[in-house]
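Worksheet: one structure, shown below.
The values are calculated or read from the model by the stated rules, or taken from the named source; none is laboratory data. Everything quoted here is computed from the prediction, not taken from an experiment. Counting neighbours? That spans all protein chains shown, and the Cβs are built from the backbone with ideal geometry, glycine included.
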Amino acid sequence: MEEDLTAGDAGSHMTRLLGIGKLLLGGVSVGSVLELLGVPAGMLIGSVVGAALVNQPWTRRMRPSSLPIVARQIGLTTVGLAAGVLLTVDSLLNTAVIALPVVLAYLALTALNLVFVTVLMSRYQVDPVTAVLAVTPGGLAEVTSIAIDKGAQVAVVLSVHAVRLFSLVLVILPILLLVLS
Amino acid sequence: MTQLLPLLAVMAGSAAAALIFRRCRIPLWPITGGLVGAAAINLGFGLAVQVPNLIVLLAQLLVGTAIGATIAPDTFRQFRRFLAPGSLAVGAVLGAGLLFGWAFAALGILDPAEAMLSLMPGGVGEMVTAGVALGFDGAVIIGAHMVRLFTVLLSLPLVLWVAVKIRQRWIADPDETGPQQP
């Protein structure tokens, strides 16, 4: 009996590992393609798409897998690290000067966003958490991670933020660069 | 090798700060702790570390894969449904970013180009790269985006509370129950 339980545990553990491997393989496959094609945040968006695709129940035997939460936390900490090393003494001093106007500007934008939050809740029957996270102008990785933690509809949040990122980098930024240069 | 030790030091600082932030229940402790810890070690010891692109990509892979694993079969139908209102919200956010950029320039707070690149809510890397390519001060752009991230993320609990109140007061039926609380 104990041997059966142990064998069962080992089998379950192996199944879980294979599921994690499948997710990472799907993520790195699509992510690498988008990254090589120069798509903005290609690895991030591509790994979302790739992991989602391999995790769908294409056959009856297929069961969804999940990544251990510690893996996401390590990824987010590294994202923070990569941003943190960009800061210099100059940027901190300059930031101190402009911090208050920037804070006020984004609080004003947040107030404007409440209009869209209300539209999403009333017309599209979206729950408050999903509606707020969908329009919050934060980083893609940060906001979608919060969406997972708070049980929001990740697809809705992700799709709106992907549209924002693509619009900005593929349309607005080239126009800005043309005008400013 | 010369870059490896400073990088390891920054990574250790980042991890330590993240764990401290977690203990203190600071919102988004992995990112905020990781950022503060890395900045503290990097600046405190004058290391000037550059994170290899491979590490950044691995981090994005972990985060993206974790997100992708949560997406259910009906997700793609929802994507089509929310594309129109989402695009409208995005247009407003980007338009507001341009307006603020113009206002900052008009008030003399920032140079016009730096103001635009600092206040458009996009990826920090893209905005900084564009700014540096045009010969502008990347430090200002980075700082503005960091302030944006912290402002937006730390004000999130209040915004969620307001959204719930709006729904309760003006949208939901009195008998309606369901996931509302943030």
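Among the residues of the range B:65-84, none qualifies, meaning not one is more than 7 Å from every other protein chain (Cβ to nearest Cβ) and either touching a Leu at 6+ places or on another chain (Cβ under 7 Å) or farther than 27 Å from A:LEU120 by Cβ (or both). Any chance you could count how many residues in the range A:48-99 are assigned by TED's automatic domain parsing to the domain that holds A:ILE20, among the polar types (S, T, N, Q) and crowded, with 24+ Cβ neighbours inside 10 Å? Going through the range A:48-99 one residue at a time, the tally reaches 1. Output yes when any residue across the range A:134-142 is β-branched (Val, Ile, Thr) and either surrounded by fewer than 24 Cβ atoms within 10 Å (Cβ to Cβ) or more than 7 Å from chain B (Cβ to nearest Cβ) (or both), and no when none is. Scanning the range A:134-142 turns up no residue that is β-branched (Val, Ile, Thr) and either surrounded by fewer than 24 Cβ atoms within 10 Å (Cβ to Cβ) or more than 7 Å from chain B (Cβ to nearest Cβ) (or both). Scanning the range A:147-162 for residues that are in contact with a Leu (Cβ under 7 Å, 6 or more places away or on another chain) and at the interface with another protein chain (Cβ under 7 Å from one of its Cβ atoms) yields a total of 1. Every listed requirement among (1) modelled with pLDDT of 85 or more; (2) under 30 Å from B:SER155 (Cα atoms) is met by A:LEU23 save one, (2). For A:ASN113, only one of the following conditions fails: (1) at pLDDT below 80; (2) assigned to a helix (DSSP H, G or I). What is its number? With respect to (1) at pLDDT below 80; (2) assigned to a helix (DSSP H, G or I), A:ASN113 is out only on (1). For the range B:50-61, the tally of residues that are surrounded by fewer than 24 Cβ atoms within 10 Å (Cβ to Cβ) and within 8 Å of chain A (Cβ to nearest Cβ) stands at 6. Restricted to the range B:38-66, and to residues there that are more than 22 Å from A:MET43 (Cα to Cα) and not hydrophobic (A, V, I, L, M, F, W, C), the residue that is nearest to the chain's Cα centre (by Cα) is B:ASN42. Looking across B:LEU43, B:LEU47, one residue alone is surrounded by fewer than 20 Cβ atoms within 10 Å (Cβ to Cβ) and assigned to a helix (DSSP H, G or I). It is B:LEU43.
Looking across the range B:132-167 at every residue that is at the interface with another protein chain (Cβ under 8 Å from one of its Cβ atoms) and not in a helix (DSSP H, G or I), the one that is surrounded by the fewest Cβ atoms within 10 Å (Cβ to Cβ) is identified as B:LEU134. In the set (1) surrounded by 22 or more Cβ atoms within 10 Å (Cβ to Cβ); (2) modelled with pLDDT under 85; (3) farther than 30 Å from B:GLU114 by Cα, the condition left unmet by A:ILE45 is number (3). Among all residues of the range B:69-87, there is at least one that is part of a loop (DSSP other than H, G, I, E, B), in contact with a Ser or Thr (Cβ under 8 Å, 6 or more places away or on another chain) and modelled with pLDDT of 85 or more.
Here A:LEU158 passes the criteria (1) in contact (Cβ under 8 Å) with a residue 60 or more places away in the chain; (2) surrounded by fewer than 24 Cβ atoms within 10 Å (Cβ to Cβ) except the one numbered (2).
Listed by first and then second residue, the pairs linking a residue in the range A:101-127 that is facing chain B (nearest Cβ under 7 Å) to a residue that is among the acidic types (Asp, Glu) and surrounded by 14 or more Cβ atoms within 10 Å (Cβ to Cβ), with Cβ atoms under 8 Å apart and 6 or more places separating them unless they lie on different chains, are A:MET121/A:ASP127. For B:ALA96, the test of being at the interface with another protein chain (Cβ under 7 Å from one of its Cβ atoms), part of a helix (DSSP H, G or I) and at pLDDT 80 or above is passed. Which of (1) more than 7 Å from every other protein chain (Cβ to nearest Cβ); (2) not in a helix (DSSP H, G or I) does A:PHE166 not meet, given it meets every other one? Only one criterion is unmet by A:PHE166, namely (2).
Residues in the range B:3-40 that are assigned to a loop (DSSP other than H, G, I, E, B) and of a type in the set (A, V, I, L, M, F, W, C) were compared, and the one that is nearest to the other protein chains (Cβ to nearest Cβ) is B:LEU28.
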